[in-house]
Amino acid sequence: MDTLLFQQSQSIDEIKNRLNCIESGSCGDTSNNNIVSIKQALVSDPEFVNGIVDNIMNNSNLSEIIEQIDVVQTENRELRELLYAQQKTINEMNFMLLKMLAKTHSPVTAIVATNEAADEATNEAADEAADEATNEATNEAADEAAEADVPNGDAISLEISE
């Protein structure tokens, strides 16, 4: 094991010397073909490549990051499914609410709509309700702020977004 480490250490030192020589341009016999052959030799040497990969995996947190990618992707997928299920439930509840409101306002006529029309009506009603609630909350907050006796330096900004 020690001899293998010693050989790799010498190989790394050789490579460092070559790289320093190439970067500084002070190598007298280094030509373009020689540089290409050095690069090909490094890339084709499996021990060198494995040593570099092992060094990266052991001396950095890259391995931890790679291990966590699958977990994050699975969690993301589960959260998307949950969000979709919740949105579907909200749409169904809004549709039932619209049916109930329609029945209370016109008990004689029945509402017959396709799923697409129901979804559209639900989305429009939800948007209108959200807009109305947002406007109402904004107006109430503005009225309360206007009525409150707060010095200018102590005022709190309230922002409501959709």
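Is it the case that some residue within region 132-139 is outside the structural domain of residue 6 (by TED's automatic domain parsing), surrounded by fewer than 10 Cβ atoms within 10 Å (Cβ to Cβ), part of a helix (DSSP H, G or I) and modelled with pLDDT under 85? No: region 132-139 contains no residue that is outside the structural domain of residue 6 (by TED's automatic domain parsing), surrounded by fewer than 10 Cβ atoms within 10 Å (Cβ to Cβ), part of a helix (DSSP H, G or I) and modelled with pLDDT under 85.
Considering 17, 91, the condition of being surrounded by 11 or more Cβ atoms within 10 Å (Cβ to Cβ) and within 30 Å of residue 128 (Cβ to Cβ) is satisfied by 91 alone. The helices (runs of 4 or more DSSP H) found entirely in region 8-106 that carry 3 or more residues being closer than 30 Å to residue 122 by Cβ and touching a residue at least 12 places away in the same chain (Cβ under 8 Å) are 62-105.
How many of the residues in region 20-52 are within 28 Å of residue 62 (Cβ to Cβ), modelled with pLDDT of 80 or more and either within 39 Å of the chain's Cα centre (by Cα) or among the polar types (S, T, N, Q) (or both)? The number of residues fulfilling the criteria is 13.
The values are calculated or read from the model by the stated rules, or taken from the named source; none is laboratory data. Computed from a predicted structure; not experimentally measured. Quick reminder, even Gly has a Cβ in these numbers, built from the backbone with ideal geometry, and neighbours come from all protein chains shown.
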